[in-house]
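The values are calculated or read from the model by the stated rules, or taken from the named source; none is laboratory data. Remember, predicted model here, so these are calculated numbers, not experimental data. For neighbour counting, all protein chains shown are included, and Cβ atoms are generated from backbone atoms with ideal geometry for every residue, glycine included.
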Amino acid sequence: MAKIEVRNLTKIFGRNPSKGLALVRQGKSKEEILRETGMTVGVNRASFSVEAGEVFVIMGLSGSGKSTLVRLLNRLIEPTEGTVLVDGDDVTKMNPHELRQMRRTKMGMVFQRFALFPHKSVRENVEYGLEVQGIPRKDRQEKALKSLDLVGLKDYADQSPDQLSGGMQQRVGLARALANDPDILLMDEAFSALDPLIRKEMQDEMMELQSSMNKTIVFITHDLDEALRIGDRIALMKDGVIVQIGTPEEILTNPANDYVEKFVEDVNLTKVLTAGSIMKRPEELVLGKEGPRVALKRMRERGLSGLMVVDRSRKLMGFLTAEAARSLLDGKQPGKSMEDLMIKEVITVHKDTPVSELLPKMAEKQFSHPAAVVDDQRKLRGVVVQGAIFAALAGNGVNSDE
């Protein structure tokens, strides 16, 4: 079961939402409904699910409905229609007491403008949600300090917010959300008010925290680079409608329509595409089982200049060139074995290695062979040739590893 499941969630702003809702059901656009009724469609029949531990990014331009959507998840805004399930419980049907409990224990929220109390210390700001819950002072102070330690601000606990930089204030907001130890974090444009350098640092810090905490995060942003950098999946919105949901690579390589294609056209693909997305099934030679004659035959059949060499468990051993195999077969290397002549220094990467890291390695003159994609046990999973990189960057398709 998904951690969060959203079904046909809709929000109409105006005096007669039911009238606007009827037009939504007829398939009218946001502009048409505004002209006919004066009402605004904030969110139009949004449906998606978020898995436990996933960073789910909702992005779009100003007015796309992304901030409205995240506030519908915890009912800071009441939906006009639709369902929000959190661990199977319907948030839209909760009474006020159940809703408060859900917000206090299951969902934390980090706002764009920090929303810190200027008259309270950093620690007191982080404690606030726990204080509202009636948690004893000693316990809430311990939890607040633990949360501040997570974001690197424990030494600033007694400072006032105005003594901190913007990035530090945002970390206080994050610590406050973490103090309740919620399963879900809702982050509404949490880093957009920060300078670019500080913003990148906060992204790095959030990803580092996520690797240890494994929270379910719904992150709102208008910045495509930010979405591609931190999101496991991205929902792209336009005029209240979710137009595409997919992984960063799916969004970039298979845009659903012209709008998405226009949205992503200036993205540097080398930072998003990974070795796993462009690798090919490897042609390999098993050391100790197959010799130079088999190697040359396979190279001729496949039109290759060399083969990756593996042991019987598919662990990568090296790369054998056609020239080396021919010299062995012709007896030009007396006393030498295939293992002696194969190239040992092979470029190795993992499936999630960005192309931006792979390309400079393959550009080095001494590396004229493909890169090997291996797993944590160094078992061969695929190969990447330079041509595949250039084809992918030119938009001529991405190879699967199947």
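Observations on the model:
Here's the yes/no breakdown for (1) in contact with a helix residue (DSSP H, G or I) (Cβ under 9 Å, 6 or more places away or on another chain); (2) closer than 18 Å to Leu73 by Cβ; (3) modelled with pLDDT under 85:
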residue	(1), (2), (3)
Phe117	yes, no, no
Lys120	yes, no, no
Glu127	yes, no, no
Lys138	no, no, no
Leu145	yes, no, no
Tyr156	yes, no, no
Gln163	yes, no, no
Ala175	yes, no, no
Ala193	yes, no, yes
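- Filtered residues of the stretch 38-80 (kept if in contact with a Leu (Cβ under 8 Å, 6 or more places away or on another chain), aliphatic (A, V, I, L, M) and more than 21 Å from Glu226 (Cβ to Cβ)): Val41, Val43, Leu72
- The stretch 302-322, residues that are farther than 11 Å from Leu285 by Cα and either among the small types (Gly, Ala, Ser) or touching a helix residue (DSSP H, G or I) at 6+ places or on another chain (Cβ under 9 Å) (or both): Gly303, Leu304, Ser305, Ser313, Thr321, Ala322
Residue-wise test of (1) over 30 Å from His119 (Cβ atoms); (2) surrounded by 23 or more Cβ atoms within 10 Å (Cβ to Cβ).
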site: Asp188; (1), (2): no, no
site: Met202; (1), (2): no, no
site: Thr221; (1), (2): yes, yes
site: Asp232; (1), (2): yes, no
site: Ile242; (1), (2): yes, yes
site: Ile245; (1), (2): yes, no
site: Glu249; (1), (2): yes, no
site: Leu252; (1), (2): yes, yes
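- In the stretch 52-117, counting only strands (runs of 3 or more DSSP E) that sit wholly within it, the ones holding 2 or more residues that are of a type in the set (Val, Ile, Thr) and at negative phi span 55-59, 81-86.
- Listed by first and then second residue, the pairs with beta-carbon distance under 7 Å, at least 6 apart or on different chains, first residue in the stretch 346-362 and in contact (Cβ under 8 Å) with a residue 12 or more places away in the chain and more than 13 Å from Leu269 (Cα to Cα), second in a helix (DSSP H, G or I) and of a type outside the set (A, V, I, L, M), are Ile347/Lys361; Lys351/Gly276; Asp352/Gly276; Met362/Gln386.
- Residue identified as farther than 21 Å from Val241 by Cβ and not aromatic (Phe, Trp, Tyr) among Val91, Val70, Val84: Val91
- Candidates Ser121, Ser165, Ser212: the one that is free of Cβ contacts under 8 Å to residues at least 24 places away in the same chain, farther than 23 Å from Val70 by Cβ and of a type in the set (Ser, Thr, Tyr) is Ser212.
- Tally of residues being at positive phi and touching a strand residue (DSSP E or B) at 6+ places or on another chain (Cβ under 8 Å) across the stretch 323-363: 0
- Residues in the stretch 31-49 that are in contact (Cβ under 8 Å) with a residue 40 or more places away in the chain and surrounded by 20 or more Cβ atoms within 10 Å (Cβ to Cβ): Val41, Gly42, Val43, Asn44, Ala46.
- Any strands (runs of 3 or more DSSP E) falling wholly within the stretch 183-272 and containing at least 1 residues that are of a type in the set (Lys, Arg): 233-238
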